[in-house]
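Okay, structure first, notes after.
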Amino acid sequence: MSPRRLIIGSIVAWLALLFAVSGVGVGLGTPAQADPASVLVVHTVPPTPGARISAEGVIAVADEHGVAVLPVRNWDLINRRFHVLDTRVSKTRKVVLDRMLGTPYAARGGRPFYIGLRSERLVSWSFTDRGGQEIPKERISLMELRSNTGELASLTGEDLLRPRWLASGRTQQTPKGLANKDLYWSISRVVVDGAEVVNRGQQVFYPEEGQDWQISLLFYRVTIDGRDLLFGGTAGSGVELVQPDGSVVKQSFDDHGVALFPSLPRGSYQVRVIGAGASYTRPLSISRDQEVSIEVISPLDVGVVLAAGVLVAVSLVVVGRRRQISALLARVPRWGAATTVLVVFVVLLGMAAVGTPAPASAAGSPAVAGAVVAAERDEAHVPAYAYFYIWYQPTTWLRAKSDYPLLGHYSSDDAVVMRAQVRMALAAGLDGFIVSWKHTDTLDRRLELLVRIAREEGLRLALVYQGLDHERNHLPVGTVTRDLRWFAGRYAANPVFGQFGAPVVALTGTDAFTLPDLGRIAAAAHGLRLVGTAKDPAAYTRIAGVVAGDAYYWSSAHPGPGWYADKLAAMGEVVHADGGLWLAPAAPGFDARLVGGEQVIPRADGETLRAAVAAAEASRPDVLSVISWNEYSENSQIEPSEVNGTVSLETLADLLGGSVWLPAGTHPAKADRDRSGVTGWGALVLIVLFLGALNLAVAVRRPQRDDPSVGDPSVGDARDDNTAGDRRSGVVR
């Protein structure tokens, strides 16, 4: 090698060595090997991959462990040249410097240096009412949020329509060093149409756990109708509603004489009926679902009141001038006055009888109705349960539904809706619900809510555990056993599950489990009464040794043919032969075409349900299991709905000896809204009319009883002659 090449090679080697030792690089990052004395090791808290650190013109990016390494040439100036850059580490997260533990200079020599980062999340939100119906953001005029650290965010206008960065975490110093603390935000105010529609501080959101916030607003279902002041009939053509912000909403009455407002914000309103007659504006405070009747003074009312006034005035005049009027009426046949009084009395009775209100099915107390049903049914009656589903949320109603509940597009988290469902079931004569469940946070929360309401209202419960996944494969045995142990530990002693000694739990998909697996599941279900879901006698015989009965879920068969009843009878016989509990199915109809089905079983105006119940009862069931209360994907629901109305519930109530009770604000198409009949004011006016007529008749008749000469022309003439003679002779009598 020539001396020249040797010199050049030596220079290149020395330059490379100097570059490596100094740690100076171009771009981001740090050389893989560097002198510890010349680098600053930065640990982010919380560990944040992608966080950017800068010093002396070099930027380092934290690795997957949240650690960044920076080269340092001059330690004396490092404190002034060290920077933590605001960084958007993902689409929905960014970090800024919160605090430092120590100083960069103190971390020389390769010692770790800790910095605390404040995290922010890009959060979006949506608004729903209590039933899960979406409320457009454009209706919101103000939203105020407050964090647990006191930070306040007030949003109006365009700010409500787009996502916002909210603090999601900050660090605090502890005896063990820096620690991250997740922040949460609560709703302070939401204003809609001038009304505040949230309770302060009740809804809490952790941005670190999710970036889509669903905010529930206090909206209520309100129905308003106009009622004749005196006679109670429907009056007016619509209503005028003045909202809390002063804006006016007008809505016409429907065919039943009702204006329905499915979602009105909580607040104070002014309302009056528009149309024929006179209605005065009255205040209306909305803080719950309610029915409101506004009194209207109709032209008929005005006429009746005027007639009563005229009649009373005339009767008073008659009392003061009864001799003159009696003489005038003497020419009327004696039966004339009596006939007049009789006609008036008959008219008054007719007015009182026309439209006398019959008891409405939607009125009355569900608790009383349930008690009457329980009292009237024999103690040995077969308990009737209905399958009940708690999987509903606002998005559920957006797919595969051809009918919707009269209670609205509800969420199964809505306690108001759930209590109404329980009360309707009790009034109809049902003893309980068979609740569909698997162990998830959402369904656990909803099951707990149902158990509490059922216990308060007196409804019994059983459980159907969903042992199959969406592909109809059975769940891992370990998952099933763990879930059933959890359920038994929490609810085995709860009285709402105690009608059959121990909680009845039906395991779906028993045909898919092997016998050893079913044995493990049955052992884990200690304290529970585990029943299978076999679909024919042979399938039940296979599992009879490990289950305590069978809950046959058969919603898609027509109960008309004889083989339907024969199959149920055969199932009941084999289950009873084993000493098991037999839950016989009965469905009102079936249509699952929107979820891939083909078969349709028409409801036939309730006759399908009647035939199904008759076949189930013929199989000597221990439980009549109605399919279902609210399975809308297969259209087997008996819950009052927009398309099917209350027909199925009416049919079931008739079979069980119950009645149909509907909560306030729920009006099916067939509901009777005619509540005409004499009101209290009307009765008072009619009484005044009657008394006026009676007073008139008595005043007219009394002179005839007191003075026999009244009405006798000859006596009158003689008296006139005598009076004239007395005057001529100067005699004063």
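Side notes on the structure shown:
- When restricted to residues that are open to solvent by 10 Å² or more (accessible area, probe 1.4 Å) and not in a helix (DSSP H, G or I), the stretch 413-435 contains 3.
- Residue count, the stretch 169-200 (criterion: touching a strand residue (DSSP E or B) at 6+ places or on another chain (Cβ under 8 Å), more than 22 Å from residue 137 (Cβ to Cβ) and open to solvent by less than 60 Å² (accessible area, probe 1.4 Å)): 6
- Residues (of a type in the set (S, T, N, Q), open to solvent by less than 30 Å² (accessible area, probe 1.4 Å) and outside any loop (DSSP other than H, G, I, E, B)) located in the stretch 478-512: 481, 510
- Test: residue in the stretch 458-476 that is at pLDDT below 95 and among the hydrophobic types (A, V, I, L, M, F, W, C): yes
- The listed residue being of a type in the set (Asp, Glu), open to solvent by 50 Å² or more (accessible area, probe 1.4 Å) and touching a Ser or Thr at 6+ places or on another chain (Cβ under 6 Å), out of 151, 134: 134
- Unique match (being at pLDDT below 90, of a type in the set (A, V, I, L, M) and open to solvent by less than 30 Å² (accessible area, probe 1.4 Å)) among 260, 230: 230
- Qualifying residue in the stretch 66-82 (condition: at pLDDT 90 or above, out of contact with any Asp or Glu (no Cβ under 7 Å at 6 or more places or on another chain) and farther than 18 Å from residue 115 by Cα): no
- Residues satisfying the stated conditions in the stretch 616-642, i.e. more than 17 Å from residue 430 (Cβ to Cβ), open to solvent by 10 Å² or more (accessible area, probe 1.4 Å) and in a loop (DSSP other than H, G, I, E, B): 620, 633, 634, 635, 642
- Restricting the stretch 559-608 to residues that are within 33 Å of the chain's Cα centre (by Cα) and of a type in the set (Lys, Arg), the residue that is nearest to residue 386 (Cα to Cα): 603
- Subset of the stretch 171-183 (residues that are of a type outside the set (A, V, I, L, M) and either over 37 Å from the mean Cα position of the chain (by Cα) or more than 21 Å from residue 209 (Cα to Cα) (or both)): 171, 172, 173, 174, 175, 176, 177, 180
- Sole exception among (1) in contact (Cβ under 8 Å) with a residue 40 or more places away in the chain; (2) hydrophobic (A, V, I, L, M, F, W, C); (3) closer than 26 Å to residue 456 by Cα for residue 493, by number: (1)
- Which listed residue, of 146, 121, 80, is basic (Lys, Arg), surrounded by fewer than 15 Cβ atoms within 10 Å (Cβ to Cβ) and either out of contact with any Lys or Arg (no Cβ under 9 Å at 6 or more places or on another chain) or closer than 24 Å to residue 208 by Cα (or both): 80
- Check on residue 210, over 28 Å from the mean Cα position of the chain (by Cα), closer than 30 Å to residue 67 by Cα, open to solvent by less than 50 Å² (accessible area, probe 1.4 Å) and not aliphatic (A, V, I, L, M): no
- Considered as a group, the residues in the stretch 144-180 that are touching a residue at least 60 places away in the same chain (Cβ under 8 Å) and of a type in the set (A, V, I, L, M) include one that is nearest to residue 91 (Cα to Cα), and that residue is 179.
- Residue 415 touching a residue at least 12 places away in the same chain (Cβ under 8 Å) and in contact with a Leu (Cβ under 8 Å, 6 or more places away or on another chain): yes
- Top-ranked residue in the stretch 643-675 [being open to solvent by 40 Å² or more (accessible area, probe 1.4 Å), of a type in the set (A, V, I, L, M, F, W, C) and at pLDDT below 90; ranked as nearest to residue 616 (Cα to Cα)]: 643
- Test set (1) farther than 30 Å from residue 413 by Cβ; (2) open to solvent by 30 Å² or more (accessible area, probe 1.4 Å) - residue 93 fails condition number: (1)
- Among the candidates 606, 579, 560, 597, the residue that is crowded, with 18+ Cβ neighbours inside 10 Å and not hydroxyl-bearing (Ser, Thr, Tyr) is uniquely 606.
- Restricting the first member to the stretch 231-251 and to residues that are farther than 10 Å from residue 269 by Cα and outside any loop (DSSP other than H, G, I, E, B), and the second to residues that are small (Gly, Ala, Ser) and open to solvent by 30 Å² or more (accessible area, probe 1.4 Å), the beta-carbon pairs closer than 8 Å and six or more apart or on different chains are 238/252; 238/275.
- Considering residues of the stretch 215-227 that are more than 23 Å from residue 281 (Cβ to Cβ) and in contact with a Phe, Trp or Tyr (Cβ under 7 Å, 6 or more places away or on another chain) only, the residue surrounded by the fewest Cβ atoms within 10 Å (Cβ to Cβ): 215
- Screening the candidates 287, 268 for the property of being open to solvent by 30 Å² or more (accessible area, probe 1.4 Å) and at pLDDT 85 or above yields one hit, 268.
The values are calculated or read from the model by the stated rules, or taken from the named source; none is laboratory data. Every value quoted in this text rests on a predicted model; they were computed, and no experiment measured them. Positions of Cβ are generated from backbone atoms using ideal geometry, with glycine treated the same way; all protein chains shown enter the neighbour counts. Accessible surface is based on the protein model in full, side chains and every heavy atom, while ligands, DNA and RNA are left aside. Shrake-Rupley method; radii C 1.70, N 1.55, O 1.52, S 1.80 Å.
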